[in-house]
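Inspection log for the structure reproduced underneath, given as structure tokens.
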Amino acid sequence: MEGTKSESYFVFMNYDPQYQRLRADRTKRGANELDLFLSRKHDQLLARTLDPGSYKKTLSLVIVDGFSVEITEDQASVLRSAKEVRLVEKNQELA
């Protein structure tokens, strides 16, 4: 059945002034705060939109407000419809 196999996707978030403010803080404390903020924000989005245990977040990206997650095509469609999400794209493996 299509849409049931988990694959790696990148999820990029919409503009967030809090992210921009934290990213502008170049101190070590600022970097730690940014990491925590993004990880929590991404975890909350996933918890709110997908069933517990049905996905595996592999990485929060700090350089852009986004993350990598192992999900099905159906779950990718659900995430695409979340208002905070700008783009969901399958991670294309380079052969």
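The values are calculated or read from the model by the stated rules, or taken from the named source; none is laboratory data. Everything quoted here is computed from the prediction, not taken from an experiment. Please note: Cβ atoms are built from the backbone with ideal geometry, for glycine as well, and neighbour counts cover all protein chains shown.
Selection over region 34-55 of residues that are loosely packed, with under 15 Cβ neighbours inside 10 Å and in a helix (DSSP H, G or I) gives a count of 7. Looking at LYS28, is it in contact (Cβ under 8 Å) with a residue 12 or more places away in the chain and surrounded by fewer than 18 Cβ atoms within 10 Å (Cβ to Cβ)? It is false that LYS28 is in contact (Cβ under 8 Å) with a residue 12 or more places away in the chain and surrounded by fewer than 18 Cβ atoms within 10 Å (Cβ to Cβ). Suppose we keep only residues that are part of a loop (DSSP other than H, G, I, E, B) and touching a strand residue (DSSP E or B) at 6+ places or on another chain (Cβ under 7 Å) within region 5-21. Which one would you say is surrounded by the most Cβ atoms within 10 Å (Cβ to Cβ)? Of everything passing the filter in region 5-21, SER6 is surrounded by the most Cβ atoms within 10 Å (Cβ to Cβ).
Got at least one residue in region 62-75 being in a helix (DSSP H, G or I), out of contact with any helix residue (DSSP H, G or I) (no Cβ under 9 Å at 6 or more places or on another chain) and at pLDDT 95 or above? Within region 62-75 (the criterion being in a helix (DSSP H, G or I), out of contact with any helix residue (DSSP H, G or I) (no Cβ under 9 Å at 6 or more places or on another chain) and at pLDDT 95 or above), the answer is yes, since at least one residue qualifies.
The set of residues in region 31-47 that are under 15 Å from GLU84 (Cα atoms) and without any contact (Cβ under 8 Å) to a residue 12 or more places away in the chain comprises ARG40, GLN44, ALA47.
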